[in-house]
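In what follows, a structure is listed as structure tokens, so that the remarks can point back to it.
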Amino acid sequence: MADIEGAGAHRAELPRQFTFFSTAALGFSITNSWLGYSGILSTPLIMGGSPTAFFGLVVASVASCIITTGFAELASAFPSSGGPYHFAFMVAWPKHRAFVTFVVGWLSVISWCTGAASGAIICAQMISSLVTIHYPSFTETAWRIYLIYLLTVLLSAVIVCFLPRAIPRLEDFLFICSLLAFLASLITVLVMRGHKQAAHTVFLAYENHTGWSDGTAFMIGAGTCMYSYVAMDSVTHIADEVPDPGCNVPRAMMTTILIGIMTTVPWAMALLFCTTDLGVVSSSPIPIYTVYLQATSSQPVATFFTSWIIFLYGAALLSGLLTTGRLTYSFARAGGLPFSPFFAKVTNEVPLNATVAASLFIILYGLIYVVSTTAFNSLISLAIIILNVCYVIPQGIVLLRGRDLALPRRSFAMGKRLGAFCNAVSVLWVTVILVFFCFPLRVPTTVHDMNYVSAVITGFVLLIVVGWWGGKRMTFSGSDIVFTHGGQDGMARISDDDTGSK
């Protein structure tokens, strides 16, 4: 295992205020799988109709569960608020540790910022569309949606920065709110919709009008369904604030993914059986409202449940911004950001500078929406793929180096065969799905329909490379990372000849 020097030389600066329940609640309030599925429903419907929307979700659920299991084992082995970049550092070859850590750290920060932005824009679009439905004279424009986006980000930032002690209790409340909304929605659509769709229509009536082959369209749809389980690493970034993180953090991650599957799959079946015209749903500016309207035949009921979902999306943004700030602070503490000492400061038990910086990035990045809604809407695919790349890079390194060599003793250990299987499947799936995420939804494509994910990823990668060769390769070692284990805090200083094993 790593050579630990100076234990206790650097104390964690954030209070341990999250219980296991509030940690799992934070994870689920960000992921909110059934809610995420409701937000991206139109894409899998376009890519093959009801069968893609259901079986694509099943594939995404299995893949995400395997990826999360492999990632949870790393969280148990190396509990740290750094998350993916810390895991990559601990398992990488000594010669390449600094570079791998730098790349994964930047990808993590970028993906969390863009992921929070994607949640904020979905929330803003839903609000604007709902207002337009009830007030047809209201003109929906990109700049008005951006103003709603701006308001939601600012409100979330204020709560995260100035009410830190209230957040654990707030997460408990939001977790219960989400489960109640799921149960109420499920029961309401099943009870109020008398005539259900035939099983053949839901499971076999494949409709692909995208120009892609059926297999390609299904893979694009299944990949989009992974948005339901995005941000599974959220709880790793509050490891400094959780007692016994080596045990509680992986437990919270697995609890989040299992609750996500148990809520999303039944919800998907209910809404697919209870809608009357999936074509109208897929083309709707606010698909989940159309689902509720078709299932209940009541505009007030549809409005009520859609408003509840908008509230939960806003809550997920708050939790996501909290996590983004913690991650930014942690990476700054490792020296990976420009002006790292400034962003690594803690003010009144809050990483204020890092959280404000993340909020400003999200606000400024949102201006792209005013210029090009198509480019900005690529954020959903961007958040899914970059986050999952960050999850599998350390798993891939573990495969290459060998599990016995790369991993120390840990409370959550899958064993050699099951662990290797999860790691290998995770790497393979993300490698394959990365290709499909770069495809446009329809062919032939136009400038309006073009998928800009590959261009955005290329731009971010170039920025990371410039940052590395522009100076960080001379100063960034990634070796001073706060670890938490067994209730003790300290700094992990890894010697150059360390192999990462016992």
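The values are calculated or read from the model by the stated rules, or taken from the named source; none is laboratory data. It should be emphasised that the depicted structure is a prediction, and the values quoted were computed from it without experimental measurement. As a convention, Cβ positions derive from the backbone with ideal geometry for all residues, glycine included, and neighbour counts pool all protein chains shown. Side chains included, ligands, DNA and RNA excluded: accessible areas come from the protein's heavy atoms. Shrake-Rupley method; radii C 1.70, N 1.55, O 1.52, S 1.80 Å.
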Worksheet item: Is one or more of the residues making up region 9-21 at pLDDT below 90 and buried (at least 24 other Cβ atoms within 10 Å of the Cβ)?
Response: yes
Practice prompt. Output yes when any residue across region 319-329 is among the β-branched types (Val, Ile, Thr), within 28 Å of residue 474 (Cα to Cα) and modelled with pLDDT under 90, and no when none is.
Written response: no
Practice prompt. Keeping to region 472-497, report how many residues are of a type outside the set (Ser, Thr, Tyr), at pLDDT below 80 and surrounded by fewer than 16 Cβ atoms within 10 Å (Cβ to Cβ).
Written response: 6
Worksheet entry | Given (1) surrounded by 21 or more Cβ atoms within 10 Å (Cβ to Cβ); (2) touching a Ser or Thr at 6+ places or on another chain (Cβ under 9 Å), number of the condition residue 130 does not satisfy | (1)
Worksheet item: For residue 239, are the conditions met, namely being touching a strand residue (DSSP E or B) at 6+ places or on another chain (Cβ under 8 Å) and either open to solvent by less than 10 Å² (accessible area, probe 1.4 Å) or modelled with pLDDT of 95 or more (or both)?
Response: yes
Worksheet item: Under 7 Å by Cβ, and 6 or more places apart or on different chains, what pairs join a residue from region 299-314 that is free of Cβ contacts under 8 Å to residues at least 12 places away in the same chain with one that is assigned to a helix (DSSP H, G or I) and open to solvent by less than 40 Å² (accessible area, probe 1.4 Å)?
Response: none
Practice prompt. Out of 256, 275, report the one residue that is within 18 Å of residue 313 (Cα to Cα), modelled with pLDDT of 90 or more and polar (S, T, N, Q).
Written response: 256
Item to complete: Pairs only if they're at least six apart or on different chains, beta carbon under 7 angstrom, first in region 465-489 and among the acidic types (Asp, Glu), second at pLDDT 80 or above; list them, first residue then second.
Response: 480/334
Discussion item. Checking the conditions here, which among 332, 354 is crowded, with 24+ Cβ neighbours inside 10 Å, out of contact with any Lys or Arg (no Cβ under 8 Å at 6 or more places or on another chain) and at pLDDT 90 or above?
Written reply: 332
Worksheet item: Can you tell me how many residues in region 419-469 are β-branched (Val, Ile, Thr) and within 21 Å of residue 219 (Cβ to Cβ)?
Response: 12
